[in-house]
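> Here it is, the structure, as structure tokens.
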Amino acid sequence: MSVEISFHGQLNSLLPVKKRNRLLTVEWKGKRSVKDLVESLCVPHTEVGEILVNDQCVAITYILCDNDRVTVFPVSLPGPLGMGDPKFICDVHLWKLARRLRLLGFDTLHDPQWDDAQLADISQKQGLILLTRDRGLLIRRKVERGIYIYSTDPEKQVKELLQRLGVRGLTAPFTRCLRCNGFLESMDMADQEMARKVKSLVPGEILKWANEFHYCPSCRKMFWKGSHYLKLLQKLEDYLLL
């Protein structure tokens with residue numbers, strides 16, 4: 001069996017350097033789907049959009065025939081992944097991206113103890129969008145919703161994801177705990193019980209000048225607008241205005 005295959009757009013950056021932006025001829029013996037062929041060339045199925053075989057649109061499960069001409073386009077986003085309120089799970093290497101997504105208010109799971117099999121399993125069972133720079137992870141059968149993060153810079157990763165999914169309008173800054181992903185509760189200092197909780201968790205010198213506090217019931221951490229707050233505001237402005 002022999003087919004010709006070409007990739008469009010950013011999919012070329014996933015290919016080995018010598019195979020980018022050119023028509024490739026691939027040979028093999030036996031039965032093979034488009035999905036198997038594409039992933040054998042290091043392109044995860046989660047990054048694939050429209051597929052043409054002999055100028056006809058086909059599904060990624062299409063079984064190839066001898067002398068087929070295959071053209072593969074990148075997934076078009078915003079699309080199904082960008083609908084509604086997206087929920088994410090980040091692999092071990094994207095912990096900085098996870099914290100920034102939580103800052104924006106997105107439900108984002110991350111645990112450095114999770115291996116690839118666990119990430120794929122959790123993503124499938126909870127319907128989460130798996131974010132990773134590991135193409136091998138996205139090729140796993142259980143991964144149904146995943147996005148390959150092209151940039152290596154955390155700040156650029158945030159902008160890349162927001163642009164690809166078109167979800168800037170769904171952000172809710174400062175509503176989630178950066179540490180554990182829990183929802184933050186606003187503490188009303190006029191409420192005696194809340195005031196006691198704040199005083200038990202916040203250093204005395206902070207209480208002298210801070211008057212607005214948020215509490216995470218999941219990890220029992222208290223937050224206030226310290227010197228880091230302005231830096232976070234600058235990050236948010238950079239993410240949302242680009």
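The values are calculated or read from the model by the stated rules, or taken from the named source; none is laboratory data. Nothing here was measured: the structure is a model prediction, and the numbers come from that model. Glycine gets a Cβ as well: all are built from the backbone with ideal geometry, and neighbour counts include every protein chain shown.
> Could you list, in sequence order, the residues of region 123-161 that are under 18 Å from SER40 (Cβ atoms) and surrounded by fewer than 17 Cβ atoms within 10 Å (Cβ to Cβ)?
ARG135, GLY136, ARG141
> Hey, could you check region 195-224 for residues that are surrounded by fewer than 16 Cβ atoms within 10 Å (Cβ to Cβ) and among the charged types (D, E, K, R) and say which is nearest to LEU178 (Cα to Cα)?
Among them, the one singled out is ARG220.
> For ARG140, state whether it is part of a loop (DSSP other than H, G, I, E, B), in contact (Cβ under 8 Å) with a residue 24 or more places away in the chain and over 27 Å from TRP224 (Cα atoms).
Answer is yes for this residue.
> So which of VAL202, VAL198, VAL167 ends up being in the same structural domain as PHE106 (by TED's automatic domain parsing) and of a type outside the set (S, T, N, Q)?
Just one listed residue meets the conditions, VAL167.
> Additional query: Which one is surrounded by the fewest Cβ atoms within 10 Å (Cβ to Cβ), of the residues in region 162-183 that are of a type in the set (D, E, K, R) and under 26 Å from SER76 (Cβ atoms)?
ARG168
> Quick one: would you say VAL17 is farther than 17 Å from ARG69 by Cα, outside the structural domain of ILE139 (by TED's automatic domain parsing) and modelled with pLDDT under 95? Quick ask: steps written out before the conclusion?
Working: farther than 17 Å from ARG69 by Cα: yes; outside the structural domain of ILE139 (by TED's automatic domain parsing): yes; modelled with pLDDT under 95: yes.
So VAL17 fits the description; yes.
> State all residues of region 1-38 that are exposed (fewer than 10 other Cβ atoms within 10 Å of the Cβ) and of a type in the set (Ser, Thr, Tyr); if no residue qualifies, say none.
So the first thing to find is which residues in region 1-38 are exposed (fewer than 10 other Cβ atoms within 10 Å of the Cβ), and the list is 16-18, 25, 27, 29-31.
Listed by number, the list holds a single entry, THR25.
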